[in-house]
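Q: Encoded as structure tokens, here's the structure I'll be asking about.
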Amino acid sequence: MSNLFVIAYNELATANQVREKLFELSKQHLVELEDAVVVERRDDGKIKLHQAVSHTAVGAAGGALWGGVIGLLFLAPLLGAAVGAAAGAAGGAVTDTGINDNFMKDLSQNLRPGAAALFVLVKQAAADKVVPQIAEFGGQLVQTSLSQEQEDALREAIAAARAKSDTAAHAQSDTTTRAGADTAAPASS
């Protein structure tokens, strides 16, 4: 069974960065994603879904391929490809897999204009390796499909990962500041 996670971010760029990071982690087999959608609430209040996969494009490509093959049988491959592409695009446009679009739009009405949310449907994950890398980006966990106990544990893991990340960043900042002070030229009298 897959689990849903919704994380709100102050800006679209951060939500996109987190989705890309999840795709990287997926390539490393640390997380298996079923769907990952960035939802943006524009400044004019409109909601825009940024799907990871365009079902219309996939449908058109598949339709063109099969239309061309069938067209070869009837000695009209170009006509078959064109008809197949149109039919595939139409079919792909009405296909909704993964997270329900209306659910994402409804939940995203609560975002402030200019903000974004990342909706992720996760089949499985190595939480101890994924959570710290995602927590670095900040954001607010809005909703999950986890039990209350599991969600509380996740929130604690996120807080711990953020604290560790903040401590490391602070230590790096102190090191850089001290290195700059050590190399400063002495004042002349």
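Q: List the residue pairs whose Cβ atoms are under 6 Å apart, where the first residue sits in region 1-21 and is surrounded by 16 or more Cβ atoms within 10 Å (Cβ to Cβ), the second is of a type in the set (Ser, Thr, Tyr), and the two are 6 or more positions apart or on different chains.
A: Asn3/Ser145; Leu4/Ser145; Phe5/Thr144; Ala15/Tyr9
Q: Output yes when any residue across region 143-156 is at pLDDT 80 or above, within 28 Å of Gln51 (Cβ to Cβ) and surrounded by fewer than 14 Cβ atoms within 10 Å (Cβ to Cβ), and no when none is. First the steps, then the outcome.
A: As a first pass, look at region 143-156 and keep what is at pLDDT 80 or above: 143-156.
Right, trim to within 28 Å of Gln51 (Cβ to Cβ) and you get 143-146, 150-151, 154-155.
Still in the list and also surrounded by fewer than 14 Cβ atoms within 10 Å (Cβ to Cβ): 150, 155.
Yes, there is a match, as at least one residue in region 143-156 is at pLDDT 80 or above, within 28 Å of Gln51 (Cβ to Cβ) and surrounded by fewer than 14 Cβ atoms within 10 Å (Cβ to Cβ).
Q: Ok, one more. Which residue pairs have Cβ atoms under 6 Å apart, sit 6 or more places apart or on different chains, and have a first residue in region 41-62 that is at pLDDT below 60 and a second that is open to solvent by 50 Å² or more (accessible area, probe 1.4 Å)?
A: Note: pairs meeting the criteria are His55/Thr95; Thr56/Ala93.
The values are calculated or read from the model by the stated rules, or taken from the named source; none is laboratory data. Note that the structure is a prediction, hence the values are computed from the model and not measured. FYI the Cβ positions are ideal-geometry reconstructions off the backbone, even for glycines, and counts take in every protein chain you see. Accessible surface is based on the protein model in full, side chains and every heavy atom, while ligands, DNA and RNA are left aside. Shrake-Rupley method; radii C 1.70, N 1.55, O 1.52, S 1.80 Å.
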